[in-house]
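Take a look at the structure set out below.
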Amino acid sequence: MANEKRIRILVAEDHTIVREGLVAILSVQADMLVVAEAANGKEAVEAFRIHHPDIVLMDLVMPEMSGHQATASIRQDFPNARILVLTTFHGDADIHHALRAGARGYLLKDTPKKELLQAIRAVHAGQRCIPPEVAKELAEHMPASELTARELDVLKLIVKGFSNKEIADALRLTEGTVKSYIHTIFSKLGADDRTQAAALALQRGIIHLD
C-alpha cells in the first residue's frame, strides 16, 4: 500500500516501553504508518506541526505539557486534528477534560489490540470512539457537577488529609469559608464525609495523586 493511502499516526507517550509497543503494533498494519513519536506533550505539539498526521494517539499524563493541554493546543491551530486519547485513567473527569480539549475518542491502555486498531480506523473515518464503559461514566456524572477552581484546591487538600484549619492556613481562608466549600463539595460529589469525598475524587479522576 502506498504511503499516501495509509493512516499516518503520531504516537505521544512518555513511557518508552509502552510507546515502542504501540509503534510495533501499528507498524505491521498494512493501512497504517507511524510518522512520528513524542515523549511529552510539548514534543507532541511540535511533531504535529511538522508531520500533520492523520491520527494522534495521545497519553494524558506526560511531562512538559499534559495530554489535555497538548490536545487543546493542537486543536486550537488545527481544528480538524483527530486525536485519540489512550490512558490508564477511566474517571469521568478525565474523560470530560479530554473530550472538552477536542479529543475524538478515549480508550484505556488495556484495550485489546483489535479494538485499538478499530478505534484508529473509526476516528480516521470521521467517527467518534467512546467505548460503552466510558460512555457509562459520562452518563453517571454530568458536567453540571463540576467543581470550581477553589473547590478543587480544597478537595486536593482533603485528599492529602489536611484538617479544616490546615486548609484554611494553606489557602489563606477562614475556617468558616473552608467549611462552606466542603459542604458544597460534598453536595456536588454526593459524598457523606471527607473519606468518601476523597475516595470519589480519586476514583472519578477529579484528583490524581502525585
Conditions: (1) over 20 Å from His124 (Cβ atoms); (2) surrounded by 22 or more Cβ atoms within 10 Å (Cβ to Cβ). Val11 meets all but one. Number of the miss? (1)
Ser163 fails exactly one of the following numbered conditions: (1) modelled with pLDDT of 90 or more; (2) in contact with a strand residue (DSSP E or B) (Cβ under 9 Å, 6 or more places away or on another chain). What is the number of that condition? (2)
Test result for Val154, more than 23 Å from Leu60 (Cβ to Cβ) and among the aliphatic types (A, V, I, L, M): yes
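Results for (1) out of contact with any helix residue (DSSP H, G or I) (no Cβ under 9 Å at 6 or more places or on another chain); (2) part of a helix (DSSP H, G or I); (3) surrounded by fewer than 20 Cβ atoms within 10 Å (Cβ to Cβ), shown as yes or no for each residue.
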| residue | (1), (2), (3) |
| --- | --- |
| Glu166 | no, yes, yes |
| Val178 | no, yes, no |
| Tyr181 | no, yes, no |
| Asp192 | no, no, yes |
| His208 | no, no, yes |
With among the aliphatic types (A, V, I, L, M), assigned to a helix (DSSP H, G or I), at pLDDT 85 or above and within 19 Å of Val45 (Cα to Cα) as the only criterion, which of Ala103, Ala72, Ala98 stands out? Ala72
Which one of Val23, Val11, Val18 is under 21 Å from Ala103 (Cα atoms), assigned by TED's automatic domain parsing to the domain that holds Ala122, touching a helix residue (DSSP H, G or I) at 6+ places or on another chain (Cβ under 7 Å) and not polar (S, T, N, Q)? Val11
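The values are calculated or read from the model by the stated rules, or taken from the named source; none is laboratory data. None of the values given here were measured: they were computed from a predicted structure. Every residue, glycine as well, gets a Cβ built from its backbone with ideal geometry; the counts of neighbours run over all protein chains shown.
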